[in-house]
Amino acid sequence: MKTNSYLFVLLLPLVTMAQISTKKSTRDTPLIINTAENYTITSEQLSLKAAFQITKQARLAATALSKNVTIAVLDASGQIIMLTRGETVGPHNTEAARRKAYTALSTKTPTLLLSRNARSNPDTQNLATLPELLLLSGGYPLWHNDQVIGSIGVAGGGSPENDDSIAKSGAIIDAQITTH
């Protein structure tokens, strides 16, 4: 009899746990199971190979305009994957290209469009005062499967239209990486 009592005491937690885990959800109280899917997300990132291709295409577009530019390519978290500076480009353009790319990434908007919209709307004029944003043309978010996966920023093209055009050319259509 004493052995049965000990066995009962040892098995009691198992019986209790079994009753807790078999609880069914109702319409009013959904059963929430803690799994990795509840706490993690899957995101796509630009590869180094993609950053090389994006930079190459933008550099070719710049060359076609007889421009030597600085190009920054960022990943989805705003970190630099690639940063190249043309030989004759002023040193301020290095930071300008990075910030243009960062602005496009964080706002999911081409910077030329953002700049023009911000100036024309009194409610958004203060965007220019945010420390990391740079409301100058030459930044584009890079999209894949309706998700921003990175960005490109170009500086030193000699005009807002040139920087915008050069940055837009970084899309890799075959890989479905677009600048929308």
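Remarks
- Sorted largest first, the spans of the alpha carbon positions of region 79-180 along the three principal axes are 40, 36, 24 Å.
- Counted charge near Ile80, where neighbours are those whose Cβ lies closer than 14 Å (Asp, Glu -1; Lys, Arg +1): +1
- Ordering of 78-84, 157-163 by packing [mean C-beta count within 10 Å, highest first]: 157-163, 78-84
- Local electrostatic count at Arg59 - Lys and Arg +1, Asp and Glu -1, tallied over other residues with Cβ under 15 Å: +2
- Surrounding net charge for Gly156, when Lys and Arg each add one and Asp and Glu each subtract one, Cβ distance under 12 Å: +1
- Candidates per trypsin sites (Lys or Arg not before Pro) in region 98-130, loop by DSSP, up to 13 other Cβ within 10 Å: Lys108
No lab work stands behind these numbers, since they all come straight from the coordinates. From a predicted model like this one, the values you see are computed outputs, not experimental measurements. As a convention, Cβ positions derive from the backbone with ideal geometry for all residues, glycine included, and neighbour counts pool all protein chains shown.
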